[in-house]
Amino acid sequence: MTNRIKLYEAFPEGLSAMGGVGTAVHDSGLEHSLIELVDARASQINGCAFCLNMHVTNAVKGGENEMRLLVLPAWRETTWFTERERAALALTEAMTLIAENHVPDDVWEAAAEEFEERELSALMLAICQINAWNRLQVATEAPPRLD
Amino acid sequence: MPPRINYAEAFPEGQKAMYGFAKAVHQSGLEHSLIQLVLTRASQINGCAWCLNMHTRDAIKAGEQPRRLHLLHAWRETPLYSERERAALALTESMTLIAKTRQVPDDVYDAAAAQFNEHDLAALMLTIVEINTWNRLAITAEKSPVLDQTLPG
């Protein structure tokens, strides 16, 4: 499973520019605990082992409750997530599976209710970024760091 | 239909970083005609009006035949695309629909690796994720193009 290209070696300028987008999101002011939930949820949907391992590990290190991550696919059926988190997770799912049903009005409106425009734009870009990394890591069969 | 949000204005650092990323990708050395096919195909799959309008127009202005854009939906069933283009399009579809495909299968990856050296293959992958980002932003914001009935050129 390990003979596919290593992106950092093959196209360092491109990867560095990807990093620039990540930095913008990271420094946007959006709370990191929320970004980790978004990253975990998208990685679950897209099935990216590398990303899921990394973001779950980071989330737990950052103080996230591990049960919330384990039950995350069923967030709708719990009372464990705030309205703000629920709005972000619904947007994450719609944007991740964009080809299916785009972003319906009720999903958008719930997000716009919880996030002012700058935060909402940063959230949109955060969702795009994890979707980008998921695709790159799956395509290159990047092995999760299981240490 | 007015857009839901102007994300570029609301979060300019993000937009600036995305432009930096786009620049690195478009200056990668990958041929522009191929990039336009990849951008168009992903935008067809994701259903992004803004991107479809922009990239088909750009492609035609740069000399692409409209028929090759129309038939991208069924590229497998025509002889209109080179082996290199076919390999790129298969990778585009596999990566774009990753939640469905769950992986880029060996045959798709190997066909792409046979056509593209490592640098170009990485640039191709980054092109695919770049357009998937632009599609998501524009679709979410309901960014809608103005209809200009005339084909360019």
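Miscellaneous remarks
- Filter pass, B:Glu85 being under 25 Å from B:Met18 (Cα atoms) and in contact (Cβ under 8 Å) with a residue 40 or more places away in the chain: no
- Residue in region A:124-138 that is more than 11 Å from every other protein chain (Cβ to nearest Cβ) and assigned to a helix (DSSP H, G or I) present: no
- Taking the criterion of being more than 17 Å from B:Asn132 (Cβ to Cβ) and more than 10 Å from chain A (Cβ to nearest Cβ), the residues of region B:1-28 that qualify are B:Met1, B:Pro2, B:Pro3.
- Selection of region A:93-125 for residues being acidic (Asp, Glu) and either more than 21 Å from A:Ser43 (Cα to Cα) or surrounded by 18 or more Cβ atoms within 10 Å (Cβ to Cβ) (or both) yields A:Glu93, A:Asp105, A:Asp106, A:Glu109, A:Glu113, A:Glu114, A:Glu116, A:Glu117, A:Glu119.
- Counted as qualifying within region B:31-109 are the helices (runs of 4 or more DSSP H) with 2 or more residues that are on the phi < 0 side of the Ramachandran plot and of a type in the set (Ser, Thr, Tyr), namely B:32-46, B:83-96.
- Of all residues in region A:8-46 being part of a helix (DSSP H, G or I) and among the acidic types (Asp, Glu), the one that is nearest to the chain's Cα centre (by Cα): A:Asp39
- When B:Leu151 is tested against (1) at pLDDT 95 or above; (2) over 18 Å from the mean Cα position of the chain (by Cα), only condition (1) is not met.
- Qualifying residue in region B:111-122 (condition: farther than 30 Å from A:Pro104 by Cα and in contact with a Lys or Arg (Cβ under 6 Å, 6 or more places away or on another chain)): yes
- Tallying residues that are more than 25 Å from B:Glu118 (Cα to Cα) and in contact with a helix residue (DSSP H, G or I) (Cβ under 8 Å, 6 or more places away or on another chain) within region A:11-53 yields 23.
- Here the condition is being more than 13 Å from chain B (Cβ to nearest Cβ), at pLDDT 95 or above and either in a helix (DSSP H, G or I) or closer than 29 Å to B:Leu121 by Cα (or both); of A:Glu119, A:Glu109, A:Glu85, it holds for A:Glu85 alone.
- When B:Thr127 is tested against (1) within 13 Å of chain A (Cβ to nearest Cβ); (2) surrounded by fewer than 20 Cβ atoms within 10 Å (Cβ to Cβ); (3) within 21 Å of B:Thr56 (Cα to Cα), just one condition goes unmet, and that condition is (2).
- Checked against the criterion of being farther than 28 Å from B:Lys16 by Cβ and crowded, with 19+ Cβ neighbours inside 10 Å, the candidates A:Leu89, A:Leu52 yield just one match: A:Leu52.
- Among the residues examined, A:Glu93 does not qualify as closer than 25 Å to B:Pro3 by Cβ, within 9 Å of chain B (Cβ to nearest Cβ) and acidic (Asp, Glu).
- Scanning region A:26-35 for residues that are surrounded by fewer than 23 Cβ atoms within 10 Å (Cβ to Cβ) and in contact (Cβ under 8 Å) with a residue 24 or more places away in the chain returns A:Ser28, A:Gly29, A:Leu30, A:His32, A:Ser33, A:Leu34.
- Inside region B:90-107, residues that are within 20 Å of A:Phe11 (Cα to Cα) and more than 9 Å from chain A (Cβ to nearest Cβ) make up a count of 1.
- When restricted to residues that are within 7 Å of chain B (Cβ to nearest Cβ), out of contact with any Ser or Thr (no Cβ under 9 Å at 6 or more places or on another chain) and assigned to a helix (DSSP H, G or I), region A:96-106 contains 1.
- Among (1) farther than 30 Å from B:Ile5 by Cα; (2) within 14 Å of chain B (Cβ to nearest Cβ) - the single one A:Ala42 does not satisfy: (1)
- Among the residues of region A:92-147, those identified as under 17 Å from B:Ala10 (Cβ atoms), of a type in the set (D, E, K, R) and free of Cβ contacts under 8 Å to residues at least 12 places away in the same chain are A:Glu109, A:Glu116, A:Glu117.
The values are calculated or read from the model by the stated rules, or taken from the named source; none is laboratory data. Treat the numbers as computed from the prediction; the structure is a model and nothing was measured. Glycine gets a Cβ as well: all are built from the backbone with ideal geometry, and neighbour counts include every protein chain shown.
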